[in-house]
1. Pairs needed: first member in the range 1-22, surrounded by 10 or more Cβ atoms within 10 Å (Cβ to Cβ); second member anywhere, modelled with pLDDT under 80 and in a loop (DSSP other than H, G, I, E, B); C-beta distance under 9 Å; at least 6 residues apart or different chains.
2. Quick one: which residue in Arg125, Arg94 is within 28 Å of the chain's Cα centre (by Cα), surrounded by fewer than 14 Cβ atoms within 10 Å (Cβ to Cβ) and outside any loop (DSSP other than H, G, I, E, B)?
Amino acid sequence: MRPRITTATFFLISACVMLLTACVSSQMPISPANDDVDAAPPPPTVALNGSGNEQATACDLEAIQYAIGEPFDDANGAQLQRQLQSDSSARQVRVLRPGDMATMDHRPDRLNIHLDDQDVIEALRCG
């Protein structure tokens, strides 16, 4: 015995197929050759401080390697931070302790001071 398809079921299935077909055909991309649509302009280029040379504005890690292993506490923290900033030519300084949240944006002119659990400088990185 074969299942019997009623007229209402047939029209319901046909309507669903037509709706799906209409959705698929309406998502076709507009071609740039269409005269009514202008092509999008290219994205702008962004240069650091008016120049395209990132290395010129990056901080200098070689000049501040002496600070690794130094304590970073209330007594010398602010002074050491200023000294590292001037010695490395960094425009910004960010102090990061274990578990601190930090943005993932890359800034070659920013000095990141990574501290361990005892607030001792364990790493210095640009970015």
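The values are calculated or read from the model by the stated rules, or taken from the named source; none is laboratory data. Small disclaimer: the values here were computed from a predicted structure and weren't measured. Virtual Cβ from ideal backbone geometry, glycine too; neighbours counted across all protein chains shown.
1. These pairs meet every condition: Ile13/Ile5.
2. Of Arg125, Arg94, the one residue that is within 28 Å of the chain's Cα centre (by Cα), surrounded by fewer than 14 Cβ atoms within 10 Å (Cβ to Cβ) and outside any loop (DSSP other than H, G, I, E, B) is Arg125.
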